[in-house]
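Okay, so here's the structure we're looking at.
The values are calculated or read from the model by the stated rules, or taken from the named source; none is laboratory data. In this text, all values refer to a predicted model and were calculated from it rather than measured experimentally. Cβ placement follows ideal geometry from the backbone for every residue including glycine, while neighbour counts extend to all protein chains displayed. In case anyone asks, the SASA skips ligands and DNA or RNA and just uses the protein heavy atoms, side chains included. Shrake-Rupley method; radii C 1.70, N 1.55, O 1.52, S 1.80 Å.
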Amino acid sequence: NLIPMIDISLYHKTSKDSFYTALGYSVLLAQTSLFQNRIMVIGKNPTWVSFDNNIGIVSIIDIFFNTIDTTVSIKSDITPAIHLIGQTLRGAGIKGHNVANIKFILFSEFTDTSYHDYTLYNLISDVMLNYTHSMPLFVFWNISNNQIPILPCNIDQHQVMLLSGTLSHLINTMSTSFASKDVSPYNTVKFILQHTDYDILEQYIDSIIY
């Protein structure tokens, strides 16, 4: 169960390529989810973008921009969006392990440095506790080419994953990592580095150390 989320401030702050990559991935994920054809947009106010199965990508993009016309903002506020998620889960009667099996994929630059030691993930967790004691899995996907000044979570926090970049293979990495019972940023990186593609890097590091 996947629900993509787009930080609409990307439209102003980053390259249009990054924004449209986030939009394209969001449409793809929304079409393959059990919560089909729904994207959450985070701006001044959160809103759901919904579309039908029988329309093409051009029509989907038109619906997206028509829906977000009053939402576009230079700075987005995620707190109302998490309240909307909690209210939606409660209204749908989704509880316990069914909540934990939902994955929210947030596309953003994560340039807000106001959290300091109180991470974005901690903020999300605190808001979600108003509605459920189970935590969905959150994927924080930095879709821009910029370095994140402060990570949105700690490396050992659970039910959270960090991704960065625009390459399509990241979707496969994300999907494969979901099979793990212990998803955290550290375990995700550990899983990736266990692939044979990184054997040459391991050999190089071993040659330096030993």
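Among residues of region 15-41 that are farther than 16 Å from I57 by Cα, those with a beta-carbon under 7 Å from a residue that is in a helix (DSSP H, G or I) at least six positions away or on a different chain give the pairs S18/L10; M40/A81. Of the residues screened, I39 is one that is under 14 Å from T88 (Cβ atoms) and open to solvent by less than 10 Å² (accessible area, probe 1.4 Å).
The residue of region 22-36 that is farthest from I6 (Cα to Cα), among those that are of a type in the set (S, T, Y) and buried (at least 20 other Cβ atoms within 10 Å of the Cβ), is Y25.
Can you name every one of the strands (runs of 3 or more DSSP E) wholly within region 1-111 that holds 1 or more residues which are closer than 21 Å to N142 by Cβ and polar (S, T, N, Q)? Spell out how you get there, then give the answer.
Values: elements: 2-7, 38-42, 47-50, 103-108.
Those strands (runs of 3 or more DSSP E) span 103-108.
Among the residues of region 86-102, not a single one is of a type in the set (D, E, K, R) and within 29 Å of D17 (Cβ to Cβ). For residues in region 112-133 being aliphatic (A, V, I, L, M) and outside any loop (DSSP other than H, G, I, E, B), which is nearest to S18 (Cα to Cα)? Checked region 112-133; the qualifying residue nearest to S18 (Cα to Cα) is L120.
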